[in-house]
1. Criterion first (touching a residue at least 12 places away in the same chain (Cβ under 8 Å), hydroxyl-bearing (Ser, Thr, Tyr) and either within 30 Å of Tyr290 (Cβ to Cβ) or outside any strand (DSSP E or B) (or both)) does Thr93 satisfy it?
2. So, in segment 208-223, exactly how many residues are of a type in the set (Gly, Ala, Ser) and surrounded by fewer than 18 Cβ atoms within 10 Å (Cβ to Cβ)?
3. Kindly list the number of the only condition in (1) in a helix (DSSP H, G or I); (2) under 30 Å from Ile333 (Cβ atoms) that fails for Leu135.
4. Going through Tyr187, Tyr225 one at a time, which residue ends up being of a type in the set (Phe, Trp, Tyr) and touching a strand residue (DSSP E or B) at 6+ places or on another chain (Cβ under 8 Å)?
5. Answer with yes or no whether Leu309 is closer than 15 Å to Gly358 by Cβ and outside any loop (DSSP other than H, G, I, E, B).
6. Residues to consider are Ala28, Ala37, Ala9, Ala48; find the one that is in a helix (DSSP H, G or I), modelled with pLDDT under 80, farther than 30 Å from Tyr172 by Cα and of a type outside the set (Val, Ile, Thr).
7. Got a sec? Which of Val302, Val320, Val314 is aliphatic (A, V, I, L, M) and buried (at least 23 other Cβ atoms within 10 Å of the Cβ)?
Amino acid sequence: MNLHEAIAAFEADKPFLEARGISWAPGAEVKAYLPDAFRRDFTLAMDAQPSLVTDPNSAVPAMLTTLIDPQIYRVLFAPTKAAEIATEVRKGTWLDETTMFPVVEFTGEVSSYGDYAENGRAGANTNWPQRQSYLFQVIKEYGERELERAGLARINWISEVNMAAANILVRYQNLTYHYGVAGLQNYGLFNDPNLSAALTPAPKAAGGTAWVQNGAVVATANEIYNDIEALFIKLVNQNGGLVDRNTRMTLALSPASEAALTATNSFNVNVSDLLKKNFPNLRVVSDYLYGAQSSANPQGVVAGNLMQLIADEVEGQRTVFCAYNEKMRAHPIIRATSSFRQKETSGTWGAVFRYPAGLAQMVGI
């Protein structure tokens, strides 16, 4: 049906529609039915929502609403405590591979006096114990694009890499101060062959010998103090009167074991109070590596929690010190086409015991 046919058809039906009450407002009168051609022309539906050429979206890129905190938070590691326990000194340079520590022992005998007697003598015997050094290194690398990409996040990449290199060197050095280096005459606080055998703690009323079990202190204050006192008595016996209660000493143990020093007895006195009263020059240092070996502490002590009592000096002579021959040597920066490399080197002698009798230890607390 075309337009003319549509007009004619409507005019024919108009009286029929009006007779049944259908009317039109003035100015809006209907002239014709909708022709077939008009029905197929959908462009005339001006009130319809057109389809989108782009993907539906009502947001902005997520990066525009993302904040990067300018404060950098770094992963934390357990503190390195060997140098605090035994002090740290430099011995030689990175050119030295072996060091000798002279030991002099007085010898002699007396004889009955006589005007013409020629008996009696005084002398000295010398030994030259040795230690071997171990050099270790780390290499820092960074590229130009790597630096600039980190800069977009406000991260000073060179500074972070420098701190990482220093951290790993210091941590390995601390490990050698505890265990030395296998295959060399280089020993640590835990495994020097001249140290006396470790004591075993006394059995506890709660069972076993440990002070702490499953995160709780199970030993009583008196039991803990008695273990420390037994360690002190051994140290006294090893030194033939050269060590007493007033000697400057260091008690080294794990942080968990140190927490047990807060145990309080029936008189409201805890272990720390007893130690301060009876050993006025004693200092306590906690070191994570003194704890028992575990998945969280893979470098811990295999036999269990360790405790060492060290006389800092005996007759003016240092008992033990941690020694290095190179703390941190920075080698030249090598530039490639678009990257940089630099080596840093450290060296260690381990922990050097000049007077092994100045240490007593107990394992299994």
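The values are calculated or read from the model by the stated rules, or taken from the named source; none is laboratory data. Please read all numbers here as calculations on a predicted model, not as lab measurements. We place every Cβ from the backbone using ideal geometry, glycine too, and count neighbours over all the protein chains shown.
1. Working: touching a residue at least 12 places away in the same chain (Cβ under 8 Å): yes; hydroxyl-bearing (Ser, Thr, Tyr): yes; either within 30 Å of Tyr290 (Cβ to Cβ) or outside any strand (DSSP E or B) (or both): yes.
Judged against the criteria, Thr93 is a match.
2. Within segment 208-223, the first condition is being of a type in the set (Gly, Ala, Ser), and the residues that meet it are 208, 210, 215-216, 219, 221.
After this cut, where a residue has to be surrounded by fewer than 18 Cβ atoms within 10 Å (Cβ to Cβ) as well, the list is 208, 215-216.
Residues in segment 208-223 being of a type in the set (Gly, Ala, Ser) and surrounded by fewer than 18 Cβ atoms within 10 Å (Cβ to Cβ): 3 in total.
3. Unmet for Leu135, out of (1) in a helix (DSSP H, G or I); (2) under 30 Å from Ile333 (Cβ atoms): (1).
4. Details: Tyr225 fails: touching a strand residue (DSSP E or B) at 6+ places or on another chain (Cβ under 8 Å).
Just a single option satisfies the conditions, and that option is Tyr187.
5. On the way: closer than 15 Å to Gly358 by Cβ: yes; outside any loop (DSSP other than H, G, I, E, B): yes.
Against the criterion (closer than 15 Å to Gly358 by Cβ and outside any loop (DSSP other than H, G, I, E, B)), Leu309 qualifies.
6. Numbers: Ala28 fails: in a helix (DSSP H, G or I); Ala9 fails: modelled with pLDDT under 80; Ala48 fails: in a helix (DSSP H, G or I).
Within the list Ala28, Ala37, Ala9, Ala48, the selection yields Ala37.
7. On the way: Val302 fails: buried (at least 23 other Cβ atoms within 10 Å of the Cβ); Val314 fails: buried (at least 23 other Cβ atoms within 10 Å of the Cβ).
Selected residue: Val320, the only one of Val302, Val320, Val314 that is aliphatic (A, V, I, L, M) and buried (at least 23 other Cβ atoms within 10 Å of the Cβ).
Residue by residue, here is whether (1) under 29 Å from Arg329 (Cβ atoms); (2) surrounded by 11 or more Cβ atoms within 10 Å (Cβ to Cβ); (3) not β-branched (Val, Ile, Thr) holds:
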site	(1), (2), (3)
Gly120	no, yes, yes
Trp128	yes, no, yes
Arg149	no, yes, yes
Ala153	no, no, yes
